[in-house]
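Quick note: the coordinates plus some simple rules give every number you see, no bench work behind them. This is a predicted model, so every value here is computed, not measured. No Cβ is skipped: glycine too gets one built from the backbone with ideal geometry, and neighbour counts run over all protein chains shown.
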Amino acid sequence: MQSLILFIKTYKPDFERVQKLLTSIEKYNKENIPVVISVNDNDFEFFKNNIANYNVIRDSDIIEADSSDGWRYQQIIKAHVYKLNLCKNYLCIDSDSEFIRDFYYSDFLYDENTPYTIMHESKPFLETMENIGLDSENIFFKEALRATRPLFGNKGKEWDYGPSPYLWSCKVWEHFVEVYLKNENKTFLDFFQEIDKVTPPSECVIYGEYLLKTRLIDLYPIEGFFKVYHYEKQYQIEKKFHDIEKFKKVYLGIIFQSNWQIKKKKFLLFK
């Protein structure tokens, strides 16, 4: 069993983004950390025919789930990677991500069995949200946290367990699904729907809060691995500081979230 894999959940409309991500992985993955790509079942043959030298699997190899709501569907797939029995831990990477410098197992693992945990107060991000006119007290991760936390009985500071890519232990997700949810006589979707009564659920919040409740692995908190532009307004106020060479000193990669578009010349990373 691998100590760590890079896990990419994607589908056909994101194929070009996945190609860019894989190009960056090929360039910077210095210890050949294994890559697993999971795709919607209907897109499997397309990916198998167009991506060579990678382990491409069907989403249904992980879990059967209703794909009519794509956003929730992909969260469910990502949370059940433990069912593959391939790895102890995984870095869950979205298609709109690109690595910008060399990376190694030691960037993600404290020791062979224990991943770092993304867990911080996110003050610089909250400040930026205020600067683009969003209320930092009611930002998305805080709303998801406030809806999720009472279900576990947690308290204390409002932690940010992101941004993507997420670093997760299979032990935590397996215990949540196979022990906690079964004891509560709930499915993963049931748990999602409880949160959804208040606000859209977040898989990284569920993971983080369950880990906080159970301490199934030792906690070694870190901030996120990538520089993330969540909103176009955020990029517009920060673009004068956008310098990949400087970012390489701080981050492993960069994300322009795929829910907004920028001219290609503005985010071309590799010459």
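Label separation (E31 vs Y105): 0.5 nm, computed from points 7 Å beyond Cα along the C-beta direction.
Amide H contacts of L134: none lie under 5 Å away among residues 5 or more positions distant or on a separate chain (H built 1.01 Å from N in the peptide plane; Pro and chain starts excluded). Gain on full extension, evaluated as 0.36 nm per residue between F152 and K123 minus their Cα-Cα distance, stands at 8.0 nm. Expressed to the nearest 5 percent, the antiparallel share of DSSP beta bridges inside the chain is 30 percent. The distance from the alpha carbon centre of the range 164-199 to that of the range 24-48 is 25 Å, rounded to a whole number. Ordering N53, I93, Y73 by the projection of their Cα atoms onto the charge dipole of the range 44-168, which places +1 on the Cβ of Lys and Arg and -1 on the Cβ of Asp and Glu, puts Y73 at the extreme positive end. Which option, (1) 18.3, 61; (2) 18.1, 53; (3) 17.1, 63, is the value of Rg and Dmax of the Cα atoms in Å that was calculated from these coordinates? Answer by label: (2). About the centre of its Cα atoms, the range 5-267 shows a dipole size close to 640 debye [charges on the beta carbon of Lys, Arg (+1) and Asp, Glu (-1) only; nearest 20 debye]. Below 9 angstrom from the Cβ of H120, what's the summed charge of the other residues (Lys, Arg +1; Asp, Glu -1)? In short, -2.
Peptide packing for 91-102, 129-140 was compared via the average number of neighbouring C-beta atoms within 10 Å per residue; ordered from the highest value, the list is 91-102, 129-140. Straight-line cross-link reach from K27 at under 22 Å between alpha-carbon atoms covers these lysines, not counting any fewer than eight positions away in the same chain: K9, K48, K227, K246, K248, K249, K264, K265, K266, K271. Ordering Y229, Y251 from the fewest to the most neighbouring beta carbons within 10 Å gives Y251, Y229. Net charge of the neighbourhood of Q234, taken over other residues with C-beta under 12 Å away and scored Lys/Arg +1, Asp/Glu -1, is -1.
Distance between the modelled labels on E137 and Q193, one decimal in nanometres: 3.3 nm (7 Å Cα→Cβ projection). A protection proxy built from the mean count of other Cβ atoms within 10 Å ranks the segments 233-246, 200-213, 55-68, 4-17, most packed first, as 200-213, 4-17, 55-68, 233-246.
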